[in-house]
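J.: The structure that follows is given in the form of C-alpha cells.
The values are calculated or read from the model by the stated rules, or taken from the named source; none is laboratory data. Because the structure is predicted, anything quoted here is derived from the model rather than measured. Glycine also receives a Cβ, built like all others from the backbone with ideal geometry; neighbour counts cover every protein chain displayed. When the accessible area is computed, the model is the full protein with side chains, heavy atoms only, and any ligands, DNA or RNA have been set aside. Shrake-Rupley method; radii C 1.70, N 1.55, O 1.52, S 1.80 Å.
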Amino acid sequence: MSESSPHLVVRGVSKRYGPTTVLDHIDLTIRRGELVTLLGPSGCGKTTLLRAIAGLVQPDTGKVELAGRDITNVPPHKRNVGVVFQSYALFPHLTVAGNVAFGLKVRGMARREIDIAVERALALVKLGHLAGRRISALSGGQQQRVALARAIAVEPDVLLFDEALSALDRKLREEMQVELRRLLQDVKATAIFVTHDQDEALTMSDRVAVMNKGRIEQLAEPRELYLRPASLFALNFVGLSTRIAGTVLAAGNGKVDVETRVGRLSALGNFQAGSPVIVAARPEQLRLGEQGEANSAAGRVRSVVFQGSRTLVEVDAGAGESLLAELSGRDGAIPRLHDEIRLSWPVAETFAFPMEAQA
Amino acid sequence: MMTRTAIIVCWVMAIGLALFLVVPLLVIAAASFSPTPVFDLPLTGASTRWYGRIARLDGFWPSLLLSLQIALFSTAISLVCGTLAAIAIARGKLPGAGIFATALVSPLMMPGLVLGIALLQGFRAVGFTAPWATLLVAHLVITLPYVARTMIAGLARFDFTLIEAARTLGCTYPGSVLRVMVPALAPSFLIAGIFSFLASFDNYPVSIFLADVRTKTLPIRMLQYIEEAPDPTLAALSTLILAGTVILLVVSDRVVGLHRMAGTSD
C-alpha cells in the first residue's frame with residue numbers, strides 16, 4: 001500500500017445518546033503513517049469518535065474502514081487497533097512484561113516470539129530494565145510508557161491515544177510529546193490522538209481536526225490551522241487573537257470593509273454589506289505604530305505580560321473592545337502600563353467570521 | 001501536661017481493651033491443656049488428652065461435616081451471586097442502586113435471632129422444610145451481605161477501562177472478564193470468601209431455629225456438649241478452631257495485606 005492511500009476512513013459516522021447528538025456525520029480520512037489529532041473541548045465528541053474507531057462504541061450510522069477492510073461491525077478484539085487510555089488501564093496483577101505480552105498471548109503467539117516482541121517493545125520505550133516490575137511500583141511516566149509498549153507490541157493497524165498524556169505533569173508531558181512523535185515516526189505508525197490541549201495537538205500531529213458539537217470544524221496542518229482558521233471556533237480554540245465585532249460596509253474581491261467601534265477595519269472574507277461579523281487577528285501580527293495600508297487602532301495599555309522571548313500586551317481600545325499584541329523587544333521599545341499607543345496589522349492577516357457562529 | 005495525660009489514658013484504654021479481647025482466648029487455650037477435668041489456676045502440668053477426645057465426641061464428625069458443607073456451599077454461591085449483584089450496583093445505571101445495596105447488606109444489621117425466627121416462619125409458610133436445604137438458604141442470607149459489601153467496595157476501585165483495554169488487545173468480552181477482572185479483584189474475592197465462610201461456620205442464632213435432631217451444626221453441637229459435660233474437650237476444640245482461624249487470617253494477610261482485611265474501603 002502506498003504512503004498516500006487512505007488507511008483509515010470514517011464515513012458519515014453519527015452517534016446519538018438520547019436527545020444528544022455526540023457525533024454528527026463525521027467524515028475523516030487518514031493516510032498510512034499519518035499522525036492526526038482530534039482537538040476540542042470536553043463533550044465535542046472526540047473521545048466518542050476514537051472509541052467508535054476502536055469498536056468500543058457502535059455508531060448509529062456510517063462506516064469505518066481500516067487498512068482496506070470494513071470494520072464497522074467488527075468487534076474490538078478483531079480490529080487490530082492499539083489503544084493507550086487516559087488512565088493507562090494497565091493490568092495490576094501482571095508485571096510490566098506481562099502487560100506488554102498480554103495482546104500477543106491472546107493472539108496465540110509462540111512463547112519465544114512473545115519474549116522477543118516484548119523485549120523489542122520495552123526497548124522502544126526505554127523500559128527494558130523494568131520488565132519484571134509490578135505496575136504499582138512504577139511512576140506515572142513509566143506507566144505511560146508501558147501502556148504505549150503494550151499497544152505497539154501487537155503491531156496494530158492504527159494507534160489510538162485517548163488523552164494519553166494529560167495525567168503527566170507539564171514538563172514530562174512536553175518531553176513525551178516530542179519523544180512520542182519521534183518514536184511513532186520511527187516505527188511508521190498511523191496514530192490518532194484525542195486531546196483538549198492545543199499545544200499537544202500542534203506539537204504531535206501532521207494534521208489536526210478541530211471538533212465542536214459532534215462535527216469536525218476544520219481539518220488542517222497545524223501551521224495552516226493557526227494561520228488560516230476556518231471558523232471563529234477554530235480561531236478561539238487554537239492560539240490567542242484580537243477579536244472585534246462590527247458590520248460590513250462594503251465587500252468585493254475577497255475583502256470586506258468593516259465598521260467597528262474602534263474605527264474602520266479591512267479583512268479577508270466574503271460577506272454581504274450589512275452582515276454582522278467578527279474581525280480577528282493573531283497577536284504576533286500587531287506592531288507598534290502606523291504602517292501604510294494596514295489596519296490600526298489606538299488605546300491605553302491595560303496589561304503587560306513578559307513571556308521570555310516575547311511580551312504580551314493587552315490594550316484597552318475603548319467601547320469595550322481590546323487588542324492583544326505579542327511584541328518582541330527587537331522591533332522597538334515595549335510599552336509600559338497605561339501608555340497610550342497605536343497598533344497596526346496587515347489586512348492580509350485579518351480574518352472576518354460571521355457573528356452568529358460565535359459560541 | 002494535659003496532652004501527656006490524655007496520651008497515657010488512651011494507651012491504658014487501648015491496652016486494657018486488647019487484653020479484654022484476647023485474655024479469654026488465652027484462658028481457653030490454657031484450659032485445653034489442663035491435666036484435670038476441672039480447669040484450675042495455677043496449672044499443675046499439661047496434657048493433650050482432651051484433644052484426643054474431640055474425635056470421640058458424640059455426633060462430632062457429622063456436625064463438623066455439616067458446618068463445613070454449609071459454610072463452603074453458602075460461601076461459593078454468595079461469591080457468585082454477590083459479585084454479580086455488586087457489578088449491577090457498581091456498574092448498571094439502576095435507578096435505586098443505593099437502596100438495593102442497602103437492602104443487600106441489611107442482614108448484617110439485623111439481630112440473628114430475628115432473622116432465624118423470620119426464616120423459620122417463612123420457610124414453614126411455603127412448606128420448605130428440608131433441614132439441609134433450609135440451613136443452606138438461611139446461611140446464604142448470612143453470607144451474602146459480607147460478599148456484597150466487600151465486592152461493592154472492590155468494584156468501586158476497579159477501573160472498567162481494564163476490560164476495554166483487554167478487548168482492544170484481542171480478548172473477547174467474557175475472556176476479558178476472566179483474564180483481567182477476576183485476577184484484579186482476587187484480593188476482594190479472598191476477603192469476601194474468608195469473612196463469608198467464618199460468618200457461616202460459627203453462626204448459632206440463625207441455625208438453631210432450622211436445625212433438627214439429625215441436622216445440627218457444630219456451634220449447636222458445642223453448646224449441647226457444654227450443657228451435658230463441661231470438661232476441657234470443648235476448650236480443646238475451641239482452641240483448634242481458633243488456631244485454624246488465625247492461620248487462615250495470617251495467610252490471607254500475607255497474600256493481600258492487613259489494611260485490606262480490616263475494612264471494605266481504602
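J.: Summing +1 for each Lys or Arg and -1 for each Asp or Glu, what net charge is found among the other residues whose Cβ lies under 9 Å from the Cβ of A:Ser205?
T.: Local net charge: -2.
J.: Work out the charge dipole of the range B:58-262 with +1 on the Cβ of Lys and Arg and -1 on the Cβ of Asp and Glu about the Cα centre, then indicate which of B:Gly82, B:Pro95, B:Thr239 is farthest towards its positive end.
T.: B:Pro95
J.: When chain B is modelled as a GNM with alpha-carbon springs shorter than 10 Å, which of B:Thr48, B:Thr217, B:Thr134 fluctuates the most?
T.: Of B:Thr48, B:Thr217, B:Thr134, the Gaussian network model singles out B:Thr48 as fluctuating most.
J.: Determine the sum of side-chain charges near A:Leu219: Lys and Arg each +1, Asp and Glu each -1, restricted to other residues whose C-beta is under 13 angstrom from that of A:Leu219.
T.: -1
J.: In a GNM of chain A with a 10 Å cut-off on Cα contacts, which of A:Leu130, A:Leu38, A:Leu232 has the highest mean-square fluctuation?
T.: A:Leu130
J.: Which cross-chain or sequence-distant (5 or more) residues have an amide H under 5 Å from the amide H of A:Gly269, H modelled 1.01 Å from N in plane?
T.: A:Lys255, A:Val256
J.: Sum -39500 (n - 2.57) across every DSSP H segment of at least 4 residues in chain A, then divide by the residue count to get the 222 nm mean residue ellipticity, nearest 500.
T.: Result for chain A: -7000 deg cm²/dmol, rounded to the nearest 500.
J.: Pairs of Cα atoms under 8 Å, at least six residues apart: use those to get the relative contact order of the range A:240-357, whole percent.
T.: 31 percent
J.: Using only Cα atoms and rounding to the nearest 10 degrees, what angle (0 to 90) does helix A:140-153 make with the longest principal axis of chain A?
T.: That helix lies at roughly 60 degrees to the long axis.
J.: Angle between the Cα long axis of helix A:96-106 and the longest principal axis of chain A, 0 to 90 degrees, nearest 10?
T.: 70 degrees
J.: Which far-off residues, 5 or more places away or on another chain, put their amide H under 5 Å from the one on A:Val22, with H placed in the peptide plane?
T.: A:Lys15, A:Arg16, A:Tyr17
J.: If one takes the longest principal axis of the Cα atoms in chain B, at what angle in degrees, from 0 to 90 and to the nearest 10, does the Cα axis of helix B:233-256 lie?
T.: Rounded to the nearest ten degrees, it is 30.
J.: Okay, next question. In deg cm²/dmol and to the nearest 500, what is the mean residue ellipticity at 222 nm of chain B if only DSSP H runs of at least 4 residues count, each as -39500 (n - 2.57), divided by the residue total?
T.: Dividing the helical sum by the residues of chain B leaves -23500 deg cm²/dmol.
J.: Now for a different question. Within the range A:24-162, how many lysine pairs that are 8 or more places apart, or on different chains, have C-alpha atoms less than 24 Å apart?
T.: Close lysine pairs under the 24 Å cut-off: 5.
J.: Also, quick follow-up: Taking chain B as a Gaussian network, where each spring joins two C-alpha atoms under 10 Å apart, which residue of B:Leu234, B:Leu19, B:Leu68 fluctuates the most?
T.: B:Leu19
J.: Please report the net charge: other residues with Cβ closer than 14 Å to the Cβ of A:Arg300, K and R +1, D and E -1.
T.: Net charge around A:Arg300: -2.
J.: Now, a different point. If I model a spin label as a point 7 Å beyond the Cα along the Cα-Cβ vector, how far apart are those points for B:Thr48 and A:Arg133 in nm?
T.: It is 4.9 nm.
J.: Could you sort A:Leu249, B:Leu79 by their accessible area in this structure, using a 1.4 Å probe and putting the largest first?
T.: The residues order as A:Leu249, B:Leu79, largest area first.
J.: Same structure, new question: If you count, for every residue in A:50-57, the Cβ atoms of partner chains within 10 Å of its Cβ, what is the mean?
T.: Partner Cβ neighbours, averaged per residue: 2.
J.: Tell me which residues come under 5 Å, amide H to amide H, from A:Val158 once H is placed; ignore anything under 5 positions away on its chain.
T.: Amide H neighbours of A:Val158: A:Gly82.
J.: Could you report the accessible area of A:Tyr17 in Å², rounded to 10, computed with a 1.4 Å probe on the protein chains as they sit in the structure?
T.: So the heavy atoms of A:Tyr17 present about 110 Å² to solvent.
J.: Just want to confirm a number: the relative contact order over chain A, from Cα pairs under 8 angstrom separated by 6+ residues, in percent.
T.: 15 percent
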